[in-house]
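What follows is a single structure, written as structure tokens, with notes after it.
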Amino acid sequence: MQNSRKSEKSKGVVVFAFNTSVDYVAIADNTSKLIERNLKLPITLITDHDAEPQFEYDQVIRVDVASGNIKLDVSYQQVEWKNFGRYLAYELSPYDSTVLLDVDYLVLDDSLLKLIDLNKDYAFHYYSSSSNGDLYSSMGPYSLPFIWATVIVFNKSDKTKMLFDLVKRIQDNYDYYCKLYNIRERNFRNDYAFAIANIILNGYHIDPGHNIPWKMFTITDKVDRLIVDSKNIRAYFTNKKPILMPQQNIHVMDKAYLQSTQFKDFVTDVTG
Amino acid sequence: MSQDKTGQGFLTFAINLGEVDYLRLAYLQALNVKATQTDAKYAVVTNVCPIDIPDKYKAVFDHINHIRYDPESKWQSAFDAEAYALYFTPFKETIKLEADLLFTRSIDHWWTAFRLRDVCLSYDAKNYMGINRTIKKYREFFDANNLPNVYNGLMYFRYSRPAKEFFDAARYISNKWEYVKTGLKNCIEDSPSTDVLYALSALMLGEETVTMPSMDFINFVHMKSGFNGWSDQVSWIDTVMNEQDGDVIRINNLNQYSPVHYHDKNYATDELIEYYEQRVLARV
């Protein structure tokens, strides 16, 4: 019998978007439409003071964020990357249960709702696959596996707070942790910071209990078009043959595609 | 064979024939056993003369069995004596260890599992991430001859007739090696390693009688670099961090809960020995 006195936990999605040469806020506006349709949860945007979001978010929280980080995009060009401060999600999320998403993650089914129902402290993907097979997921040849911080489902708890506090500590002392963990790349990655925090928090152990129990599907190639068709997704690429896959959430690394009219059309098609 | 065997305990062979001082490794191991196991007894079989054994070693070893290794003796290699482990052990129940293996927590509960067999060899080995692995390049000979993937780094035997038969088989194979090797594929070993001897003995007596592969916790972390996915040209000690945290050994930021076969003898530093001396003193 259900406990009628039990208060309902608030649930929602949080996305971070800080514009660089890439219009992450515009991407967030579009991917939020997919989130709204498939999860039917309120969405909070965390962004900077200059952003002009168009989507009707539950809340828009504006923060100062440090710049100075870079990464290579899918064309192997160096681009600015404002990915610091993800640890703020714990304090800033207005929800008891939060789905923290990167803006390049397309929510095309409701599987994340089932993760919230599992009521874990937190969970993220330990593994990701692509049309080329499983993706490399080590922080370096002499290091440990990283996790994919693209999707983090968390409930507010003492353990989760420790996780995010540790991520802050790792971000603040990133050179030290790079040396300690034999990390090859020196640009800050949330994938690495959360992986290290997860290992420390679980007693210097890779605890499989925080793994989302399916692999994330990532598209690493340059995308021409995505089409949802009879519960399948067709992905057309610039430099390789198209693929057909069952409709599922997908992580799209090609930011140029996510800013294109083709992507807007895709979102319109999906959301009706 | 001595009938005067009591209780249970740990046994290692420390035969110094080259540059490595195995008795020093045994001393470190004895300290480690005393620090991590409950009321554990430790015995060593060594060719080091008793008068040359430091007093502090003698204080930690519960039993010292001295054997002669000289040109007139019947043993030619360090491994020859191990086939006589059943004779040398002072215990009714023995866990025999290679000297370069350390525990990171109590394995008291393993004894209960071991008692399902008269002899139990550790099966497979883990990498430092806790994953059971078989590295083909180290075990090509085993694969070619369908030998069970056993390791002599950690084994159990009870003073019993089946255990005698196991060691008799090992000695028989060792003595008849020139003949035995003619029936083996890709055999280039002039004298068999202990792993090979025990694998062949297991095959003779029935692999299922001397192993328990379903109890996959009865093995150890093998720190040979190639076993962990790194180049064999560089020691794991120079590849990743390691530190002590109480009884736990942390390697590349991961706690090791299985026994650690550190392999590179440079791991046994004076500082590490001092660390375990302090821990044993603290327990006393």
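Name the residue that is modelled with the lowest pLDDT, counting only residues in the stretch B:1-19 that are assigned to a loop (DSSP other than H, G, I, E, B) and open to solvent by 50 Å² or more (accessible area, probe 1.4 Å).
The selected residue is B:M1.
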Among the residues of the stretch B:225-245, write down those that are within 12 Å of chain A (Cβ to nearest Cβ) and part of a loop (DSSP other than H, G, I, E, B). B:G229, B:W230, B:S231, B:V234, B:T239, B:V240, B:M241
Residue count for the stretch A:173-221, restricted to those that are within 12 Å of chain B (Cβ to nearest Cβ) and of a type in the set (S, T, N, Q): 3
Quick one: is B:R105 modelled with pLDDT of 95 or more, within 14 Å of another protein chain (Cβ to nearest Cβ) and surrounded by 13 or more Cβ atoms within 10 Å (Cβ to Cβ)? yes
Would you say B:I249 is farther than 15 Å from B:Q29 by Cβ and either part of a helix (DSSP H, G or I) or among the β-branched types (V, I, T) (or both)? no
Give the residues of the stretch B:180-224 that are more than 17 Å from B:L97 (Cβ to Cβ), open to solvent by 10 Å² or more (accessible area, probe 1.4 Å), assigned to a helix (DSSP H, G or I) and touching a residue at least 12 places away in the same chain (Cβ under 8 Å), sorted by residue number. B:V180, B:L200, B:L203, B:M204, B:L205, B:E207, B:T209
Scan the stretch A:23-34 and tell me whether some residue there is part of a strand (DSSP E or B) and among the polar types (S, T, N, Q). no
Positions within the stretch A:98-118 being out of contact with any helix residue (DSSP H, G or I) (no Cβ under 7 Å at 6 or more places or on another chain) and in a helix (DSSP H, G or I), in sequence order: A:S111, A:K114, A:L115, A:I116, A:D117, A:L118
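From the list B:K164, B:K176, B:K137, B:K126, which residue is basic (K, R), modelled with pLDDT of 90 or more and surrounded by fewer than 14 Cβ atoms within 10 Å (Cβ to Cβ)? Give the steps one after another, and end with the answer.
Numbers: B:K164 fails: surrounded by fewer than 14 Cβ atoms within 10 Å (Cβ to Cβ); B:K137 fails: modelled with pLDDT of 90 or more; B:K126 fails: surrounded by fewer than 14 Cβ atoms within 10 Å (Cβ to Cβ).
Just a single option satisfies the conditions, and that option is B:K176.
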Count, please, the residues in the stretch A:129-150 that happen to be out of contact with any His (no Cβ under 7 Å at 6 or more places or on another chain), touching a residue at least 60 places away in the same chain (Cβ under 8 Å) and away from chain B (no Cβ under 14 Å). 7
Which residues, taken from the stretch A:117-145, are open to solvent by 10 Å² or more (accessible area, probe 1.4 Å) and hydrophobic (A, V, I, L, M, F, W, C)? A:L118, A:L135
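Out of the residues in the stretch B:249-281 that are acidic (D, E) and over 13 Å from B:R24 (Cβ atoms), state the one that is farthest from the other protein chains (Cβ to nearest Cβ). So that I can check it myself, show each step before the final result.
Of the stretch B:249-281, the ones acidic (D, E) are B:264, B:270-271, B:274, B:277.
Filter once more, so that each one left must be over 13 Å from B:R24 (Cβ atoms): B:264, B:271.
Numbers: B:D264: 16, B:E271: 20 Å.
Across the stretch B:249-281, the extreme among qualifying residues is B:E271.
The values are calculated or read from the model by the stated rules, or taken from the named source; none is laboratory data. Note that the coordinates shown come from a computational prediction; the quantities given were computed from them, not determined experimentally. Virtual Cβ from ideal backbone geometry, glycine too; neighbours counted across all protein chains shown. Note: areas computed on protein heavy atoms with side chains; ligands, DNA, RNA excluded. Shrake-Rupley method; radii C 1.70, N 1.55, O 1.52, S 1.80 Å.
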